[in-house]
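These notes concern the structure reproduced below.
The values are calculated or read from the model by the stated rules, or taken from the named source; none is laboratory data. Predicted, not measured: the structure shown is a model, and the values here were computed from it. Here the Cβ positions follow ideal geometry from the backbone for every residue, glycine too, while neighbour counts run over all protein chains shown.
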């Protein structure tokens, strides 16, 4: 064979080998290509919370995690609230959402605020606690929630959005005292339904006397209005906390003194767990990749908000309330987080 043909053969051999460098494929135990671990862009819609709240900031951070792990992904983040997010996920109107264990468990059992059972729900990861806070004007508000009940104070109260977690919490708390929203309206209370941002502004402007908020702490809107207005948070009586926690949808929570500048002593309340939920029928590969992106970028997630500072791989599966999606479960088992 002359030198010309030898040179041509070498070129063909090199050309055939080049594509294999830097783009090796991984295969599963049955010899099939494992696409879950291959970098490939994703196109997802994530549902967050109030447009100006920390929840949306964190969800945007999670979107960035996906982009970090899967460059060129298109991740759309849409504001929402814990209650309606669940309905949209159940109906496959989005790929993932921020919600909490209370709403997820209520949806699965068809309990208020939902009219029917929703079974197309699964979890991906725990994020942080959602802490229920009752803020009032320091001068005109009651000294405690018990004071409000016992003395039947006539107050203008924002309980968050209709069908939201905060509105549901208020109904549950009133039920502890054998009361309903209609009962307190009967003694002169006015109930308004506004998101946390509007509620805080209305409290600062004295257009309402009390706001009820289930939120990530420290809550920026409460921090902001406390700078110029005298605001206090109402503690819950131990008996009320215990009764709420018996339902197994709430957890006892102590808000440490110093969480806010005006909070001089520990405050007793309840919380739920904030989670990321997905449709149960979502493809395993999609949820696997999503879970992997969150896990591999935990250091970045910790920087998105102070409430995320303590997240660890082990805490990602902490008290999720609803079953893990099979794709998430597979990742956690492979990572050694779940046995």
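Looking at region 211-224, I want the residues that are without any contact (Cβ under 8 Å) to a residue 40 or more places away in the chain and have a partner that is buried (at least 24 other Cβ atoms within 10 Å of the Cβ) with Cβ atoms under 9 Å, at least 6 apart or on another chain. Which pairs are those?
224/200
For residue 280, state whether it is surrounded by 15 or more Cβ atoms within 10 Å (Cβ to Cβ), closer than 17 Å to residue 108 by Cβ and out of contact with any helix residue (DSSP H, G or I) (no Cβ under 8 Å at 6 or more places or on another chain).
It is true that residue 280 is surrounded by 15 or more Cβ atoms within 10 Å (Cβ to Cβ), closer than 17 Å to residue 108 by Cβ and out of contact with any helix residue (DSSP H, G or I) (no Cβ under 8 Å at 6 or more places or on another chain).
Select from region 170-180 the residues that are touching a helix residue (DSSP H, G or I) at 6+ places or on another chain (Cβ under 8 Å) and assigned to a helix (DSSP H, G or I) and write down the one among them that is surrounded by the fewest Cβ atoms within 10 Å (Cβ to Cβ).
Checked region 170-180; the qualifying residue surrounded by the fewest Cβ atoms within 10 Å (Cβ to Cβ) is 171.
What about residue 183, is it surrounded by fewer than 17 Cβ atoms within 10 Å (Cβ to Cβ), touching a helix residue (DSSP H, G or I) at 6+ places or on another chain (Cβ under 8 Å), modelled with pLDDT of 95 or more and not in a strand (DSSP E or B)?
Judged against the criteria, residue 183 is a match.
Of everything in region 144-159, what is part of a loop (DSSP other than H, G, I, E, B) and either touching a helix residue (DSSP H, G or I) at 6+ places or on another chain (Cβ under 9 Å) or in contact (Cβ under 8 Å) with a residue 24 or more places away in the chain (or both)? Give them in sequence order.
Correct list: 144, 152, 153, 154, 155, 159.
So for region 114-133 (the condition being crowded, with 18+ Cβ neighbours inside 10 Å, assigned by TED's automatic domain parsing to the domain that holds residue 62 and either free of Cβ contacts under 8 Å to residues at least 40 places away in the same chain or more than 20 Å from residue 249 (Cα to Cα) (or both)), does at least one residue qualify?
yes
Take the residues in region 238-256 that are touching a strand residue (DSSP E or B) at 6+ places or on another chain (Cβ under 8 Å) and either part of a loop (DSSP other than H, G, I, E, B) or in contact (Cβ under 8 Å) with a residue 40 or more places away in the chain (or both), then tell me which one is farthest from residue 178 (Cα to Cα).
Among those residues, the one meeting the criterion is 255.
For region 106-135: of the residues being assigned to a strand (DSSP E or B) and within 18 Å of residue 171 (Cα to Cα), which is nearest to the chain's Cα centre (by Cα)? Working first, answer last.
To start, the set of residues in region 106-135 that are assigned to a strand (DSSP E or B) comprises 122-135.
The next check asks that each one be within 18 Å of residue 171 (Cα to Cα); those that pass are 130-135.
On the way: 130: 8, 131: 12, 132: 14, 133: 16, 134: 20, 135: 21 Å.
Across region 106-135, the extreme among qualifying residues is 130.
Determine which single condition residue 44 fails, assuming it passes every other condition in (1) assigned to a helix (DSSP H, G or I); (2) modelled with pLDDT of 95 or more.
In the conditions (1) assigned to a helix (DSSP H, G or I); (2) modelled with pLDDT of 95 or more, residue 44 misses (1) alone.
For region 175-192, does any single residue satisfy the condition of being in contact (Cβ under 8 Å) with a residue 60 or more places away in the chain, within 29 Å of residue 309 (Cβ to Cβ) and not assigned by TED's automatic domain parsing to the domain that holds residue 50?
No, region 175-192 has no match at all.
Output yes when any residue across region 49-60 is farther than 22 Å from residue 311 by Cβ and at pLDDT below 95, and no when none is.
Of region 49-60, the ones farther than 22 Å from residue 311 by Cβ are 51-52.
This time we only want the ones that are at pLDDT below 95, so: 51-52.
Yes, there is a match, as at least one residue in region 49-60 is farther than 22 Å from residue 311 by Cβ and at pLDDT below 95.
So which of 205, 209 ends up being over 18 Å from the mean Cα position of the chain (by Cα) and surrounded by fewer than 15 Cβ atoms within 10 Å (Cβ to Cβ)?
205
Taking the condition modelled with pLDDT under 95, in the same structural domain as residue 89 (by TED's automatic domain parsing) and crowded, with 19+ Cβ neighbours inside 10 Å, does residue 327 pass?
So residue 327 does not fit the description; no.
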